[in-house]
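What follows is one structure encoded as structure tokens, with my remarks underneath.
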Amino acid sequence: MMLFIAITAFFIVLFGMPALIKVAREKGLMDLPEDPRKIHKRAVPTIGGVMIFAALLINLFFWLAVGPAPATEVFQAGSALAACTVIIFFMGLKDDIIGLAASKKLLVHLGVGLMLITAGGYKIQTFGGLFGIEELPEALSLLFSLFVYVVVVNSLNLIDGVDGLVGGYSVIAMSAFAFWFLNTGQTADAILALTMAGAMLGFLVFNFAPARIFLGDSGSLLVGLVAYALATHIINTPQELVPDAWTGISKPVIAMSILAYPLMDTLRVFCLRAARGISPFSPDRNHLHHRLMMRTRNHAKTSLFVYIFSLGIVCIAWARPYLFPQLGEEGMFFGLFALSFLWFLPVLSSTKGQHKLAQRRDELLRDAVEKSKQQETQESAIA
């Protein structure tokens, strides 16, 4: 049955996406390559998230309806998550079509995050012994969970800059989530993860280079929301549900390994921007996919590079009891962190000069645009 869940979501997107692409083109809902930071050079529809949202609702509720009734706490958590997905989807859709100020998006995220954490119970309550931390105090759990929510949801949006990258990464991440929940008997979460895996695989058919449609904020934020929810449920999985063979696996490390690429990229650029004394949300061309494109000059190769990294990190994290039985949780955490850095170090080193030149060009262009706006304002005032 579980395989059919992913298959039905895949076919919903596969058969529905061509109609969405046609509508987007006829209504002019296109992403134009006006910003020099954008890697694509042609107009592409940017509302792929509409079909992901539709597939999520149709597939998820159908399979939940034909299965056994979920427990009360599972139903309450799922209801809160469903409400949050609707809010996030429409916020992202508005941003895709007419734009939305960053401050307003942050306010919506804070509201949705609080709803998800308090009403849905999707919060990080424990570190499972990592760094010697077990249960978190309630207030600290709320604040930390809200911070992680904002980072995770936006990290999926920030890495959505290359054809096929988020689509393929999401298939790997959601499949890993599903593998955990299937083996720990958490059926509702497994259905959610398999639905997203199938839907994103269907989307990848149209998004792999050369892309015929982009995910857009409506899709990337939705995937990020689901990823955060599933990650918290991995961390909070009761130990009695974990198979004996997985006793040596750290639940927080597994969750972080699944989200390794978007988290590493987002935290890296935020720290670099803060070190330069600029806003962490100031756009630039320093994301890992930008640097990979400078090296490969190919969307498919860049995406495949990230796929291999993501799959490798997840497999290593899961293999700890078998390959590194003597390695502690902290050792595994820092080992994966070091491996992630070393994996991308050659690319970052070889493109350092190209990045500086691109950054300088972007600064000159921004200055020219700003001067042009000032002149237009002065001329309007004189007139």
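The values are calculated or read from the model by the stated rules, or taken from the named source; none is laboratory data. Here the structure is a predicted model, which is why all the values come from computation and not from measurement. Note: ideal-geometry Cβ built from the backbone for every residue, glycine included; neighbour counts use all protein chains shown.
Here are some notes:
- Qualifying residue in segment 354-366 (condition: hydrophobic (A, V, I, L, M, F, W, C), modelled with pLDDT under 90 and surrounded by 15 or more Cβ atoms within 10 Å (Cβ to Cβ)): yes
- Residue count, segment 231-255 (criterion: of a type in the set (Val, Ile, Thr), assigned to a loop (DSSP other than H, G, I, E, B) and within 23 Å of the chain's Cα centre (by Cα)): 1
- Of all the criteria given as (1) surrounded by 24 or more Cβ atoms within 10 Å (Cβ to Cβ); (2) among the aromatic types (Phe, Trp, Tyr); (3) farther than 30 Å from residue 284 by Cβ, the one not satisfied by residue 179 is (1).
- Scanning segment 265-300 for residues that are touching a residue at least 40 places away in the same chain (Cβ under 8 Å), touching a helix residue (DSSP H, G or I) at 6+ places or on another chain (Cβ under 8 Å) and in a helix (DSSP H, G or I) yields a total of 13.
- Residue 222 being out of contact with any Asp or Glu (no Cβ under 7 Å at 6 or more places or on another chain), buried (at least 24 other Cβ atoms within 10 Å of the Cβ) and either at pLDDT below 95 or in a helix (DSSP H, G or I) (or both): yes
- When residues of segment 307-331 are limited to those that are over 24 Å from the mean Cα position of the chain (by Cα) and assigned to a helix (DSSP H, G or I), the one surrounded by the most Cβ atoms within 10 Å (Cβ to Cβ): 320
- Count of segment 256-281 residues, restricted to those that are modelled with pLDDT under 80 and either more than 19 Å from the chain's Cα centre (by Cα) or closer than 20 Å to residue 343 by Cα (or both), is 4.
- A search for C-beta distances below 8 Å between a residue of segment 1-28 that is within 17 Å of residue 203 (Cα to Cα) and any residue that is in a helix (DSSP H, G or I) and acidic (Asp, Glu), counting only pairs 6+ apart in sequence or on different chains, returns nothing.
- All positions within segment 121-141 that are assigned to a helix (DSSP H, G or I) and either modelled with pLDDT of 90 or more or surrounded by fewer than 17 Cβ atoms within 10 Å (Cβ to Cβ) (or both): 131, 132, 138, 139, 140, 141
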